[in-house]
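Below is one structure, written out as C-alpha cells, with a few remarks after it.
Please treat every number below as a calculation from the coordinates, not as lab data. Note that this is a predicted model, so its numbers are computed, not measured. Don't worry about glycine lacking a Cβ; one is built from the backbone with ideal geometry, like all the others, and counts go over all protein chains shown.
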C-alpha cells in the first residue's frame, strides 16, 4: 500500500514510523527544505518530496497516481481541503484524510467531498465537555468522526471495578470491554473475567456514555 | 425577493485587487460587503466605497453568515492565498448555492480542476502573460 502524507509536524513523524513498521510505502511532502532533510535522515525507508503539496505537479512527483491513501496534515484548513480534492479529482485516490482546526469545517469538508475529516480541537473539547479526566485514559481513538470511540483505560488499585467480574460491573449498555491487556498479553474478556490491578481495558463506547464508563470504573464522580 | 441580478456582492480579501474592485463596483451602485481578517486592510478602500466591511476570517462559516452569504448574488475571493480562495469559493457555490462565484488563483496548474466545479477563476499570471505577448507580437502580423 502506498500512502502520501502532506505536512511536517510531530504527527507526520509518528505516523510515518508506524506505517513503515507495518510495511507500507510512505511518501512525505513538505514545503520546508530543512524539514525535508531532517525527515529524510529520520526515515530512511520513506520518500521525501520537497514542495507545496497543494500543487498538482508536486503530488504527481510524489507518485499520487499510484497511491491508495492521502493524509493532509498541514496546519491550514484550506490547504488540507485542496490536497484532498486534487488527490481525488486528478489522481483518483479514493481514501483521503484531512485534519481540520476549526471543528465547523468537518461538515464543510464532508460536503465538499473529503473522505474522512478529523478535528483535534473537537475531540479535545468534547472530552472536556464530558468532564472526563484525561489522565486516566491512556489512548482514545474516535471512529467515524467521533460517532463511536475506542479508549484505553489503565486500572489502578483505587478503582472500584478492581476485583469485580465484568458482568457485575456497572458499565453502561452502550459500552463494551473488547480486550484487556494484562502483563503485555491480550485477553478477550467474558462476563466472568475478573478485573485485576494494572489491567488495561480497551473499551468501545458511544461518546455520550464515556463519562459513565469512567464513573463505573472509578466508582466516584468528579 | 431579489430585484436585480448581481445586486449583492461579497468580496473576500481587501488587498489591492479586492479594494479596487470593491470601489469600482460600489461606484456602479452595487451593494458590497468586504471581508478581511486585517482591519488595516480596509484603509485601501477609496472614498467612493459606500458598502460595509467585516473584520473576520472568511474560512470560518460564522463570518460568511454574518455577511449574509445566503442572500448574495456574487461572491469574489481575492485573498492572497489560492487555497483560501478555493475553499471560500466552494463553500459559496456548493453549500450556499451562490449564483456567480469567482476566485483569483495565482497558480495556473490548479485552474482546470476548479473550473470543472463551476467556479470561475482568474489567474493574474496568465492574464499578464497574454497581455505581454500581445504587446510583443503586435505589428509582427501574428497576434
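Some values worked out for this structure:
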{"read-out": "Taking A:109, B:49 and counting other C-beta atoms within 10 Å, the order from fewest to most", "value": "B:49, A:109"}
{"read-out": "Cβ neighbours within 10 Å from other chains - mean over A:77-85", "value": "6"}
{"read-out": "Cα-based helix-to-principal-axis angle, A:120-129 vs chain A, degrees rounded to 10", "value": "20"}
{"read-out": "Gyration tensor (alpha-carbon) shape descriptor, segment B:25-82, a/c threshold 1.5", "value": "oblate"}
{"read-out": "Gyration tensor verdict on segment B:8-137 (Cα atoms; rounded if a/c is under 1.5, prolate if a/b is larger than b/c, oblate otherwise)", "value": "oblate"}
{"read-out": "Sequence-separation-based contact order of chain B, relative, with Cα cut under 8 Å and 6+ spacing, percent", "value": "19"}
{"read-out": "Residue order, fewest to most surrounding Cβ atoms within 10 angstrom, among B:87, A:42", "value": "A:42, B:87"}
{"read-out": "Ascending count of other beta-carbon atoms within 10 Å, so fewest first, for A:77, A:107", "value": "A:107, A:77"}
{"read-out": "Global geometry of segment A:2-124, whether rounded, prolate or oblate, following the gyration tensor of its Cα atoms and the 1.5 cut on a/c", "value": "prolate"}
{"read-out": "Candidates B:132, B:52, B:106: whichever shows maximal mean-square fluctuation once chain B is modelled as a Gaussian network with Cα springs under 10 Å", "value": "B:132"}
{"read-out": "Degrees between helix B:16-27 axis and first principal axis of chain B (Cα, 0 to 90, nearest 10)", "value": "70"}
{"read-out": "Distance cut-off 28 Å, percentage of C-alpha pairs in the protein assembly as shown lying past it", "value": "58"}
{"read-out": "Calculated [θ] (222 nm, deg cm²/dmol) that DSSP helices of n ≥ 4 give over chain B, each run adding -39,500 (n - 2.57)", "value": "-9500 deg cm²/dmol"}
{"read-out": "Taking the convex hull of Cα positions in segment A:133-218, its mean projected area over all directions (nm²)", "value": "5.1"}
